[in-house]
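> Could you have a look at this structure, given as structure tokens, before my questions?
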Amino acid sequence: QNGWRPDYDAFHRADPAGPQWKTEVSLPVELSEHAMIGLPDGTAVVAGGSILVGKGYELSQLVFKFDADQKAGWVQLPNLTVARSSPMMTYFNSSILVCGGTGPGSYPNATYFSSCEQLPMKMQTSEQGHTRLVSASQKWSPAPALPAPRTSGGMATLPGDSGVLVAAGFSASGTSWHYYDDSLVLDVNGQWRNLGPAGKLPQGGRSNVCTATLPTTGRVLLMGGGAQAPSYPQAALFDPKSMEWSAVADMPEARSWCGAGSFLNITSKQECVYAVGGLDGNFDIMSDMVRFCISAPVSSGDWELVSPDLPFARGFTKAAAVAQPSTSGILSTASINTLLNAGGQGPEVQANTFSLQIVG
């Protein structure tokens, strides 16, 4: 039965003297299967997903931006033009870019999207003196579509706004499921291209992956996901210089549908990725957090379990690296020191938002 894993979660690794998860303002809706990213002003955006309505679910067009400096917490941005669950999202060329996702219908006979849309952003100073990114348009506009429908993949912006990477994900038609093991790049001219053999994931096709971009080198860590099994422990690292993937150490446990964020450890100068929540190899929800740290230009690192666990277990969740309150403007990587986790499913769909200050 899906739920808490008493053999694993009963031992809560929280250190009473260490950092603890802080309860933030909840999302305006109970949401899961959404996309979430951090923005360069230290805030976060959530888009799409599935909303709990009564005893059922409704695909979401909603977009919300979280700013810990604001009393309201979450503010609404213009709606997506299409309601999509499990979309991919990144911040590219001063715009929020959303691609793919799942539309109406039941798996595997749902609608799968190849379309992309973008919302331009601009810097603005509020009456309170907060300098933040705000929407520069009242509506989303079309962006170059993916070559084929894809949902539940990973997406990241390459260094210097030189392109957008998409990897993993799946689509389906009838009883035929296709798990992508390839990688696509959207260039500055608005053209998608397949990276070919160099862009193949070393552990094969998968979906429902967790991804994070390392803050100084721009390398992309793709974690877990599932295909023939609900979740895998494997992880891979993408090098934007060679445009190739390489396998790295497996996570301590299989994990999919998790939230992840990356930080620069000021003391060790290592780039560290934190992955939290998700579904394990038995499709049970998870509350624990793991960390992977790596030094440039080395491409190997180790995973470790770290405290504290989430206040409660949840899968189908997302997270992002953000800044503490009272910051303004475009931030340096050293200023991004808080992991924000929002939405997901435990025994039921949740709107809870939690933040954790990352020390080091």
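> Where a Cα-Cα gap under 20 Å defines reach, which aspartates and glutamates qualify for LYS200, not counting those fewer than 8 residues away within the same chain?
Straight-line reach from LYS200, under 20 Å: ASP181, ASP182, ASP187, ASP239, GLU244, ASP250.
> Let me ask you something else. Taking the chain as a Gaussian network, where each spring joins two C-alpha atoms under 10 Å apart, which residue of PRO308, PRO149, PRO104 fluctuates the most?
PRO104
> Now for a different question. Which three numbers, in whole Å and largest first, are the semi-axes of the equivalent ellipsoid of the range 210-360 derived from its Cα gyration tensor as √(5λ)?
Details: eigenvalues 108, 85, 30 Å².
That gives 23, 21, 12 Å for the three semi-axes.
> With an 8 Å cut-off on Cα pairs and a minimum separation of 6 or more residues, tell me the relative contact order of the chain in percent. If you can, show how the numbers build up before the last one.
On the way: 1070 pairs, mean separation 62.7, N = 360.
Dividing the mean separation by the residue count of the chain yields 17 percent.
> Additional query: Tell me, what is the percent relative contact order of the range 43-200, built from C-alpha pairs under 8 Å that lie six or more residues apart?
Values: 379 pairs, mean separation 24.3, N = 158.
About 15 percent, as a whole number.
> Given +1 on the Cβ of Lys and Arg, -1 on the Cβ of Asp and Glu, and no further charges, what dipole in debye does the chain carry about its Cα centre, rounded to the nearest 20?
Values: 21 positive and 28 negative charges, 127 e Å.
Using only the charged Cβ atoms, the result is roughly 620 debye.
> Please calculate the 1.4 Å probe accessible area of VAL75, with all protein chains present, and give it to the nearest 10 Å².
For VAL75, solvent-accessible area is about 60 Å².
> Considering only TRP140, TRP177, TRP74, give the residue with the highest GNM mean-square fluctuation for the chain, with springs between Cα atoms whenever their separation is below 10 Å.
Between TRP140, TRP177, TRP74, it is TRP177 that shows the largest mean-square fluctuation.
> Here's a follow-up. Averaging sequence separations of C-alpha pairs under 8 Å and six or more residues apart, then dividing by the length of the range 293-360, give the relative contact order as a whole percent.
Values: 83 pairs, mean separation 18.0, N = 68.
The normalised contact order for the range 293-360 reaches 27 percent.
> In nm, what is the difference between 0.36 nm times the number of residues separating VAL359 and ASN189 and their Cα-Cα distance?
Difference between extended and current length: 57.2 nm.
> I would also like to ask the following. Would you kindly state how much longer the chain becomes between PHE283 and SER126 on full extension, computed as 0.36 nm times their sequence separation minus their alpha carbon distance, in nm to one decimal?
Values: separation 157, 0.36 × 157 = 56.52 nm, distance 4.44 nm.
Computed gain between PHE283 and SER126 is 52.1 nm.
> Note down the accessible area of ILE37, probe 1.4 Å, to the nearest 10 Å².
20
> Let me ask something else about it. Give me Rg/Rg_expected for the range 171-232, where Rg uses Cα atoms only and Rg_expected = 2.2 N^0.38 Å with N residues.
Values: Rg = 13.6 Å, N = 62, 2.2 N^0.38 = 10.6 Å.
That ratio works out to 1.28.
> Any idea of HIS130's accessible area? Nearest 10 Å², probe 1.4 Å.
It works out to around 40 Å².
> Just the number please: accessible area per residue for the range 107-222, 1.4 Å probe, all protein chains included, in Å². Please list the in-between numbers first.
Numbers: 4950 Å² over 116 residues.
Result: 43 Å² per residue.
> Consider the candidate values [x] 171; [y] 154; [z] 129; state which one is volume of the Cα convex hull per residue in Å³ computed from the structure displayed.
Working out volume of the Cα convex hull per residue in Å³ from the coordinates points to [z].
> If all Cα-Cα distances of the range 271-360 are sorted into 5 Å bins from 0 onward, what percent lands in each bin, rounded to whole numbers?
3, 12, 22, 21, 18, 13, 8, 2, 0
> For the range 127-248, how big is the tail of P(r) above 23 Å, as a whole percent of Cα pairs?
Counting pairs separated by more than 23 Å, the tail of P(r) holds 36 percent.
> In the chain, carbon and sulfur make up what percent of the accessible area (probe 1.4 Å)? Don't jump to the answer; show the numbers that get you there.
Numbers: 7200 of 14430 Å².
Ligands and nucleic acids excluded, carbon and sulfur give 50 percent.
> Which of SER207, SER299, SER256 moves most in a GNM of the chain, Cα contacts under 10 Å?
Highest fluctuation of the listed residues: SER299.
The values are calculated or read from the model by the stated rules, or taken from the named source; none is laboratory data. The model shown is predicted, which means the values in this text are computed figures rather than measured ones. With ideal geometry, Cβ positions are generated from the backbone for all residues, glycine too; neighbour counts draw on all protein chains shown. Quick note on the areas: whole protein, heavy atoms, side chains included, nothing else; ligands and nucleic acids left out. Shrake-Rupley method; radii C 1.70, N 1.55, O 1.52, S 1.80 Å.
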